[in-house]
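Written below as structure tokens is the structure these notes are about.
Every number here is computed from the coordinates shown, using simple stated rules; none is lab data. Keep in mind that this is a model prediction, so the values were computed, not measured. Here Cβ is always computed from backbone atoms with ideal geometry, including for glycine, and neighbour counts include all displayed protein chains.
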Amino acid sequence: MSLSSSVFPRESFFLLAPLESLHSDDVKRVISLDDLIKLPHDDSLAQFSIGEYKPAIVTNDLFSFFRFNEQKTYLIFIDKRSESDADLRRYNFFGLVGTFGKGKIVASSSKQTKKSLNLTNVLSNHGQAFVLELCELYEDYDESQDWWMRDVIYEVITASYQDSNNDGFGDIQGLRQRLDYIQSIGIKTIWLTPIYPSPWKDYGYDISNFCDIDPRFGTLDDFCQLVADVHSRNMRLILDFVPNHTSNEHTWFQAALRNDPNYVDYYVWHEGKNNGKDLPNNWLGPSGQRMWTYAPERKMYYLHQFLDCQPDLNLRNDKVLEELKRILRFWLDLGVDGFRADAVRHLIENDDFRDEPLSKKAKDIDPNIFYDAYEHTETADQPESYALVRQWRRFLDNYSYDNCRDYLLFVTEAYHQDIQKVMNYYGANREERGSDVSINFLITYYLDKNDNEQHGLELDKQLTKWQKNVPRHAWSNWCLGSHDSGRVTSRLPSTELIDGFYMLLLLQSGTALLYYGDEIAMCNRPFTLEHPEEIVDITAFNYGEKYVEERTRDCQRTPMQWTSHSPYAGFTSATAKPYLPLADTWPELNVEQQEKAERSHLKLFRQLVKLRQQSPFYGGHQKKVLATKELYAFIRWLHSDIYLIVINQTTSGHEPITTDFVKLLKYQNKQLFGEVVAKSTNISDTSPIGKEGNRIELNQLTLQSNESLVLRLLSSVLEISLCIDNDE
């Protein structure tokens, strides 16, 4: 019998800690210290009692610690609970020791169905004990547990991806037709924005039925076929979960308007001030409207943080919370692999209904329409909102455990520049998990800046802000844009810089989120009041004619550009009219053209996706090397693998930049060479860095404007002091 299949008494695992380090509380509820000393030693278990000792997570219910030397590191885990406590518990040991992300089960108190565990997600029932031999993420990749950490999450607006029935709307069958393409670029996780029945006044985020498919996209049968197709390719599918509100056409809201006692409290109501003549308070929402609308049927105001057709659910009502769990269960039963929770900042409001104070920005913007004119102390990031995220994470953990499912992902969107509020959605500690991916929008905020403010120093400020604040127990993430922000390519000072930003997205530590079309550098399509009939995003009109063109999000939601040889870029047929006009760039900027080109944004993107799945990009160390106005550079390393990534952010016409990276890396010898692994598409083939495999001396590395480069360093980590002096 192998050791991993052997079963040892739970109390014997305490003997793997130095007896002199144990206190009575450490072993309490399992054994006394006196009785522990009398236990016979099992040599096969005692082999894990090596080297140094370090406590890990220690609570009333759990005693855990590390034993390690230069060759091996073990985590010993002992759940002290009795059979009367049947709750499933989750613990997170990631980041406590080095870069270890996995643990192989080498001894246990019970038969184990898994051979290894992801350290971010150690689940335990009462009374379990085991020993994990720790290893790097890339050394023991387990698709069932680790997929969300290594994969790229690809956001798709189904309506804009591929039309299969010639009605001008993308649909589920169209998406199925494009799975070959998605798989070919290395994408393994697809995130769909809402596809539920909806009046479609907010791109489907106004939901009238959470447990069906909108006919414009297909049927539930179509969806089940999509899930089967995705899973047959070893890919994953996650859906948008919209817990904050419903459509005003939802049966719950219609019943509430009829004063149905079963549904009135599903929403948030207020009588208003001055006998209902005035709004309850000054709350203004992020869609340019006051948050209260009068319902004459009830002679009361209902709350809506977004559009008046999106009444907020009362998430203090346990019946509503049970409805939301039923919805999650419905889609999980159909096979989805997780959810992206929309607008989690807005889930709960202070029920004292106090006015919100004006912000410092109020003097420069109209407080009647602009959300940023207020400090949202009463309506955003309330403590109960964080608690709800943790509650939904626990629900997914229990569902996964009870149904023997692979890991179920939970992503949250909290669009806010206050970094600590975003971090709080990860969960406060290692025993209380929240979001797996609290989306990092800091590069998006960087791209909001004027061209002359987009440079290496400012970029470093945003990247460092995230890196210094992300909790050690959290897995990082990066995104460039989304359906709510303009196309990356249109926001950069030069379109050529998109390649460098692919490198930032894909080669930094953490999960990457990509918005459809960004892999081919799609651009915004302007919408103007000269053609108001083209505008689908009606939210823009809330800001008045002066701001419609600036505020519409249609610009970045135009149909995917597939080919230059078919009308409408292959999105739909020549006889159909797309629901949104295509960007003007589609004849020369499309998938087909970039596949045919010798070098293209798409081909570089595909190459970088493949690279990120390897050491050291998946789970290794990261450190900044240089940040100036002109350049940003960082290294990734683990064991013998060391890579340098350099991005030149100077605009066209600027003098080339030559840098001594031997000095910056604190290399201990005189000469250091790097091998070209990947390069931006604007680098000339005749350049010394123009061909992959070229060896470059790094004491004089020269980059032209907007060029970006990935180099594998031909050296030992021990010779690069910047790595040895790692202060992570």
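For the stretch 593-603, 3J(HN,Hα) computed residue by residue from phi via the Karplus equation (6.51, -1.76, 1.60; θ = phi - 60°) reads 4, 6, 5, 7, 5, 5, 9, 7, 4, 4, 5 Hz, glycine and proline entered as x. Checking the Cα-Cα distances for Lys104/Lys421; Lys80/Lys115; Lys38/Lys72; Lys468/Lys663 against a 30 Å cut-off, the pairs over it are Lys104/Lys421. Positive contributions from Lys and Arg (+1) and negative ones from Asp and Glu (-1), summed over other residues with Cβ under 12 Å from the Cβ of Tyr426, come out at +4. Calculated [222 nm] ellipticity per residue, helices only, for the chain: -6000 deg cm²/dmol; basis is -39500 (n - 2.57) per DSSP H run with n ≥ 4, divided by all residues, nearest 500. The mean of 1/r over all pairs of different alpha-carbon atoms in the stretch 294-430, once inverted, gives a Kirkwood hydrodynamic radius of 17.1 Å.
A crude spin-label estimate for the pair Asp333 and Asp372, with each label 7 Å from Cα along the Cβ direction, gives 4.5 nm. Expressed as a whole percent, the proportion of Cα-Cα pairs in the stretch 576-643 lying more than 19 Å apart is 60%. Coupling constants for the stretch 497-505 follow from the phi torsions by the Karplus curve (6.51 cos²θ - 1.76 cosθ + 1.60, θ = phi - 60°), and in residue order they are 6, 4, 5, x, 6, 4, 5, 4, 5 Hz; glycine and proline get x. Counting only the Cα atoms, the stretch 626-667 fills a convex hull of 73 Å³ per residue. Label-to-label distance for Asp180 and His639 is 3.8 nm, based on points extended 7 Å past Cα in the beta-carbon direction.
Counted over the stretch 622-724 with a bin width of 10 Å, the fraction of Cα pairs per bin, in whole percents, is 16, 52, 28, 4. Per residue, the average separation of C-alpha pairs within less than 8 Å and at least 6 apart gives the stretch 153-285 a relative contact order of 19 percent.
Over the stretch 251-303, the alpha carbon radius of gyration divided by the compact-protein estimate 2.2 N^0.38 Å works out to 1.15. How big is D for the stretch 3-135, in µm² s⁻¹ as a whole number, if Stokes-Einstein is applied with the Kirkwood radius of its Cα pairs at 4 °C and 1.567 mPa s? It diffuses with D of about 88 µm²/s by this estimate.
Based on Cα contacts under 8 Å between residues 6+ apart, the chain shows a relative contact order of 10 percent.
Pairs from the table (Lys449/Lys603; Lys603/Lys691; Lys201/Lys319; Lys188/Lys603) lying more than 19 angstrom apart at Cα are Lys449/Lys603; Lys201/Lys319.
Normalised radius of gyration (Cα atoms, divided by 2.2 N^0.38 Å) for the stretch 391-537: 1.21.
The label-point distance for Lys624 and Lys421, in a model that sets each label 7 Å from Cα toward Cβ, rounds to 2.5 nm. Reported value for the chain: 180 Å³ per residue, from the convex hull of its C-alpha atoms.
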